[in-house]
């Protein structure tokens, strides 16, 4: 499976579950493509990243598309609840910023801290989409931790995995929905 097919799944889900009334969080803005999509679909987007390069690239992309319904925040996704209390969705692309320093990446600890916080504040009909990339050592550790975490959520959540079963280390998507 190509990464684009994973992205197509995420885009389809977002298009079908978000409205112009929603506030969303892009937890890892990267190069800004998800942030741009979310800004088009929703009322407002908060984007987080620890790398100034990601913030600058995303700001330029959004400015070039004349988007104004966003705020980019130079901070870890671990701290997002300090900025945004009410949201419809949170979107993660784990790993590292494409075409940048691969030493700077999301980690199991920061991702698990964030997920623990988020599931504690999620309201009914909210969701989290996490694209995991187990193609590098930290990605394997992080992906396994995410799977273990979502597998143990109580029945007030529905969790799904969209995965390629016949290819090792392919990216996959985890979806966490808070039930009614």
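When you scan region 81-90, do you find a residue that is touching a helix residue (DSSP H, G or I) at 6+ places or on another chain (Cβ under 6 Å), surrounded by 12 or more Cβ atoms within 10 Å (Cβ to Cβ), modelled with pLDDT of 95 or more and assigned to a helix (DSSP H, G or I), even just one? Taking every residue of region 81-90 in turn, at least one turns out to be touching a helix residue (DSSP H, G or I) at 6+ places or on another chain (Cβ under 6 Å), surrounded by 12 or more Cβ atoms within 10 Å (Cβ to Cβ), modelled with pLDDT of 95 or more and assigned to a helix (DSSP H, G or I). Of all residues in region 118-131, those that are touching a helix residue (DSSP H, G or I) at 6+ places or on another chain (Cβ under 8 Å), at pLDDT 95 or above and either assigned to a loop (DSSP other than H, G, I, E, B) or under 22 Å from residue 9 (Cα atoms) (or both) total 4.
For residue 153, the test of being touching a helix residue (DSSP H, G or I) at 6+ places or on another chain (Cβ under 7 Å), part of a loop (DSSP other than H, G, I, E, B) and either more than 25 Å from residue 32 (Cα to Cα) or modelled with pLDDT of 95 or more (or both) is passed. Flag set for residue 115, criterion: in a helix (DSSP H, G or I), modelled with pLDDT of 95 or more and in contact with a helix residue (DSSP H, G or I) (Cβ under 7 Å, 6 or more places away or on another chain). For the condition under 13 Å from the mean Cα position of the chain (by Cα) and either over 15 Å from residue 18 (Cα atoms) or free of Cβ contacts under 8 Å to residues at least 60 places away in the same chain (or both), what is the one hit in 111, 60? Being under 13 Å from the mean Cα position of the chain (by Cα) and either over 15 Å from residue 18 (Cα atoms) or free of Cβ contacts under 8 Å to residues at least 60 places away in the same chain (or both) holds for just one of 111, 60, which is 111.
Does region 19-27 contain any residue that is on the phi > 0 side of the Ramachandran plot, touching a helix residue (DSSP H, G or I) at 6+ places or on another chain (Cβ under 9 Å), touching a residue at least 60 places away in the same chain (Cβ under 8 Å) and surrounded by 20 or more Cβ atoms within 10 Å (Cβ to Cβ)? The answer is no; no qualifying residue exists. Screening residue 57 against (1) in contact with a strand residue (DSSP E or B) (Cβ under 9 Å, 6 or more places away or on another chain); (2) closer than 12 Å to residue 35 by Cα; (3) part of a helix (DSSP H, G or I) leaves a single unmet condition, (1). Can you say whether residue 165 is surrounded by 14 or more Cβ atoms within 10 Å (Cβ to Cβ), free of Cβ contacts under 8 Å to residues at least 40 places away in the same chain and either part of a loop (DSSP other than H, G, I, E, B) or on the phi > 0 side of the Ramachandran plot (or both), as far as the supplied structure shows? Criteria not met by residue 165. Does region 36-54 hold any residues that are farther than 18 Å from residue 126 by Cα, touching a strand residue (DSSP E or B) at 6+ places or on another chain (Cβ under 8 Å) and buried (at least 16 other Cβ atoms within 10 Å of the Cβ), and which are they? Correct list: 48, 49, 50.
The values are calculated or read from the model by the stated rules, or taken from the named source; none is laboratory data. All values reported here derive from a predicted model rather than from experimental measurement. Using ideal geometry, Cβ is built from the backbone for each residue, glycine included, and neighbour counts are taken over all protein chains shown.
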